[in-house]
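Inspection log for the structure reproduced underneath, given as structure tokens.
The values are calculated or read from the model by the stated rules, or taken from the named source; none is laboratory data. These numbers were taken from a predicted model, which means no experiment stands behind them. Here the Cβ positions follow ideal geometry from the backbone for every residue, glycine too, while neighbour counts run over all protein chains shown.
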Amino acid sequence: DTAVSQTPKYLVTQMGNDKSIKCEQNLGHDTMYWYKQDSKKFLKIMFSYNNKELIINETVPNRFSPKSPDKAHLNLHINSLELGDSAVYFCASSRRDLNTYEQYFGPGTRLTVT
Amino acid sequence: QKEVEQNSGPLSVPEGAIASLNCTYSDRGSQSFFWYRQYSGKSPELIMSIYSNGDKEDGRFTAQLNKASQYVSLLIRDSQPSDSATYLCAVNTNNFNKFYFGSGTKLNVKP
């Protein structure tokens with residue numbers, strides 16, 4: 001059983017295009033996250049949603065727009081892709097109500113912008 | 001100053017030895033601390049969480065937390081080649097939904 005899944009796994013696209021990444025979790029968690037991991041392997045939080053409500057919005061260009069249709073899904077839409085957007089994007093989820101905040105990660109989406 | 005700092009390594013240890021990985025954090029109000037293992041090309045995998053001062057053991061892994069020194073460590077006993085990976089330290093601050101990750105320490109366990 002897949003706990004946190006992401007699609008697509010790989011995404012190759014040209015500058016200026018718009019693309020979306022989807023994430024789903026079947027863990028019953030109430031909080032979901034998007035992270036970006038750059039070529040130096042540094043993992044940085046981008047957004048966090050709790051029960052469909054945006055609670056963290058880091059300094060991310062407004063070309064990036066997250067959307068949570070329900071607490072099991074979190075999507076990321078990126079407009080006007082730039083070379084610097086090339087990275088691995090990870091979705092994660094956790095249970096806020098347990099006060100433990102252990103996060104579980106999806107397999108990642110490797111985005112390459114050419 | 002970065003919120004979470006780790007030595008990037010690589011840390012090389014022989015098979016069967018104890019690997020010691022260290023992490024310091026800047027926010028004194030941090031509440032929760034985590035160690036993740038990330039194999040090359042894979043996603044981070046949670047291996048340990050610790051919330052109070054002292055030691056927490058789980059199999060071959062021991063996490064140590066010292067909030068006064070703002071220091072977290074991970075000990076891996078009887079290291080195996082399969083433990084070779086990058087280990088990420090993560091800290092959850094007073095803003096309980098905000099996590100900061102260190103840049104990771106690469107561990108090589110030599111047979």
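So that you can scan it fast, the table gives a plain yes or no per residue for (1) in contact with a Leu (Cβ under 9 Å, 6 or more places away or on another chain); (2) in a strand (DSSP E or B); (3) without any contact (Cβ under 8 Å) to a residue 12 or more places away in the chain:
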{"residue": "B:7", "(1), (2), (3)": "yes, no, no"}
{"residue": "B:20", "(1), (2), (3)": "yes, yes, no"}
{"residue": "B:24", "(1), (2), (3)": "no, yes, no"}
{"residue": "B:29", "(1), (2), (3)": "no, no, no"}
{"residue": "B:35", "(1), (2), (3)": "yes, yes, no"}
{"residue": "B:40", "(1), (2), (3)": "no, no, no"}
{"residue": "B:43", "(1), (2), (3)": "no, no, yes"}
{"residue": "B:49", "(1), (2), (3)": "no, yes, no"}
For residue B:86, indicate whether it is hydroxyl-bearing (Ser, Thr, Tyr), in contact with a Gly (Cβ under 6 Å, 6 or more places away or on another chain) and either in a strand (DSSP E or B) or farther than 26 Å from residue A:55 by Cα (or both). yes
So residue A:31 ticks every box in (1) in contact (Cβ under 8 Å) with a residue 60 or more places away in the chain; (2) of a type in the set (S, T, N, Q); (3) within 13 Å of chain B (Cβ to nearest Cβ); (4) out of contact with any Ser or Thr (no Cβ under 6 Å at 6 or more places or on another chain) but one. Which box is left unticked? (4)
Can you give me the number of residues within the stretch A:50-75 that are more than 9 Å from every other protein chain (Cβ to nearest Cβ), touching a Ser or Thr at 6+ places or on another chain (Cβ under 6 Å) and at pLDDT below 95? 1
For the stretch A:20-33, which positions are touching a Leu at 6+ places or on another chain (Cβ under 6 Å) and at pLDDT 95 or above? A:21, A:23
Failed item in (1) surrounded by fewer than 20 Cβ atoms within 10 Å (Cβ to Cβ); (2) over 24 Å from residue A:107 (Cα atoms); (3) not small (Gly, Ala, Ser), with residue B:42 passing the rest: (2)
